[in-house]
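Laboratory data are not the source of any read-out in this text; all were calculated from the coordinates shown. Predicted model, so just to flag it, every value in this text is computed and none were measured. Here the Cβ positions follow ideal geometry from the backbone for every residue, glycine too, while neighbour counts run over all protein chains shown.
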């Protein structure tokens, strides 16, 4: 997703707020006076022309008594992440995470957010070195890592999920549940979303409260939510109660490849002969003929135990 650049912000002693940015070939203005905000757009034939216009506008505002108060990029991104959490799950007090990160010092907070930015797709940085730094400083920067579970870049979401799976910290479960229970909107032009399945699975069998919440999510109207809940429960399907909750959804599971994968995984974990008919049904479906599916399903069938 291509994100618009941030606005530069300028304030006047009389209370006026003036913001400007170059978005592609368009200079965009926001002017706030007495609580009313007005927006203006100035298109140009090329970005370089827009940049020249922006510089001239800024110079004029500074001469008129405005002072620039644009926050540094890292702090703007930190505030943006908190806003995303508040937007998706107001019940999760993301501002507490921001405070916890800033309590470690602005230098540490800046380093954390900057390194998360380095994981963005297309950045000329070494992801392994960046992740190593985050891992080595996790005691100080964990709140920032958790905030990044709603980072507006798909590559960062994958890295954060993988990093949390590697760390296996039980204290992150509430943040993971927030992502699953309140996922980012599934819209073509919206922020990218990612379900932290790897992180969940790495934590091992869920406690009673977490298991109950996951079972409830099997009834979600959102297929993404049902899929990840089913996959997490499948990993713990040796538990009779969790398997029974999953098995009740065998009809609706056939509508989703994600839930079918969960049932196949449950067969691998539990090896329960009760799953035979479901696996045989999968074998007959055209969508499961690819080797990745067909081989796993066949292997799961062969290893079922007749209890």
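Here are a few things to note about the model shown:
- Meets criteria (surrounded by 14 or more Cβ atoms within 10 Å (Cβ to Cβ) and assigned to a helix (DSSP H, G or I)) for residue 30: no
- Exclusive hit being assigned to a loop (DSSP other than H, G, I, E, B) and either on the phi < 0 side of the Ramachandran plot or without any contact (Cβ under 8 Å) to a residue 60 or more places away in the chain (or both), set 233, 301, 238: 238
- Residue that is nearest to the chain's Cα centre (by Cα) [pool: residues in the range 99-119 that are part of a loop (DSSP other than H, G, I, E, B) and buried (at least 17 other Cβ atoms within 10 Å of the Cβ)]: 119
- Matching entry among 41, 8 (being under 28 Å from residue 192 (Cβ atoms) and surrounded by 15 or more Cβ atoms within 10 Å (Cβ to Cβ)): 8
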